[in-house]
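Written below as structure tokens is the structure these notes are about.
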Amino acid sequence: MKVQRLVLGMFNTNCYIISGKVLGKCILIDPADDAEVIRKCLVQQNLVPEAILLTHGHYDHFLAVPKLQEVWKELPVYCHSLDCPKEKEQYDMGMVFQTVTAFPNVRGIEEGQKLELAGFNITVYHTPGHTKGSVLFLVEDGLFTGDTLFCRSIGRTDFAGGDDAQMYLSLRRISEIKGDYNVYPGHEEVTTLSAEKRYNPYLK
């Protein structure tokens, strides 16, 4: 599995390109912003995205979706149903942003669901706390944790939909995952599950 990290947008959000199973196919996780940067990166590698996976429904993780769907028609977007609000717009910092619901071809995902995309077997873990619909994606030896787990830290719970008690339970669940995995968070540096179990105070 090849994982390429792009740090995009004003919030320095991690976008991941996963490839290496099926020639010319890839998966995008959290295409945060700068759609043209993502497009050029894929074209240079002769890659076509088979799907977009969202770890949660905050706009700083999907701002590139509309333009990517213009380039690759019918490109599906997978997001937990609890992070797909009825409203198609949201307001923040005096600006208007689309929600996940505004995109075409959105497919809801749930706890324990298995996906097969671009040749990869993907397992969905529902980990609420940062948002109601936050999820982790387990892809081979990688855990894509969004804004639930960071390197030596965790995501905030003081936004709308955040919940301290749910975050505690989600983190306890992560701490009980057996084996070691590369951890690909929504912000900051890549780490490993063993390192986080040892050094992250929130997993102790």
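Rule-based calculations on the coordinates, nothing more; no lab input. Predicted, not measured: the structure shown is a model, and the values here were computed from it. Counting neighbours? That spans all protein chains shown, and the Cβs are built from the backbone with ideal geometry, glycine included.
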Note, region 118-128: 3J(HN,Hα) by Karplus (6.51, -1.76, 1.60, θ = phi - 60°), whole Hz, Gly/Pro = x, goes 6, x, 9, 8, 10, 10, 9, 10, 7, 10, x
At 222 nm, what value in deg cm²/dmol follows for the chain if DSSP H runs of at least 4 each add -39500 (n - 2.57) and the sum is divided by all its residues, to the nearest 500?
-5000 deg cm²/dmol
With all pairs of different alpha carbon atoms counted, what Kirkwood hydrodynamic radius in Å does region 2-203 show?
16.8 Å
Using amide H atoms built in the peptide plane, which far-off residues or other-chain residues are under 5 Å from residue 187 H to H?
14
Of 52, 38, 177, the most mobile residue in a GNM of the chain (C-alpha springs, cutoff 10 Å) is 177
To make sure I understand, if each residue's beta carbon is the centre and we count other beta carbons within 10 Å, what order do 190, 77 fall in, fewest to most?
190, 77
DSSP loop trypsin sites (Lys or Arg not before Pro) in region 161-203 with at most 15 other Cβ atoms within 10 Å of their Cβ, which ones?
178
Unit charges on C-beta of K, R, D, E only; dipole of region 2-203, Debye:
460 debye
Fewest first, what order do 60, 83, 158 take by the number of other Cβ atoms within 10 Å?
158, 60, 83
Looking at the chain, identify the longest residue range that excludes and avoids all GluC sites (Glu not before Pro) in DSSP loops having at most 15 other Cβ atoms within 10 Å.
1-73
Once normalised by the length of region 66-131, the mean sequence separation of its alpha carbon contacts under 8 Å that are 6 or more apart gives a contact order in percent of 27 percent
Report relative contact order for the chain in percent, whole number only (criteria: Cα-Cα under 8 Å, sequence separation at least 6).
15 percent
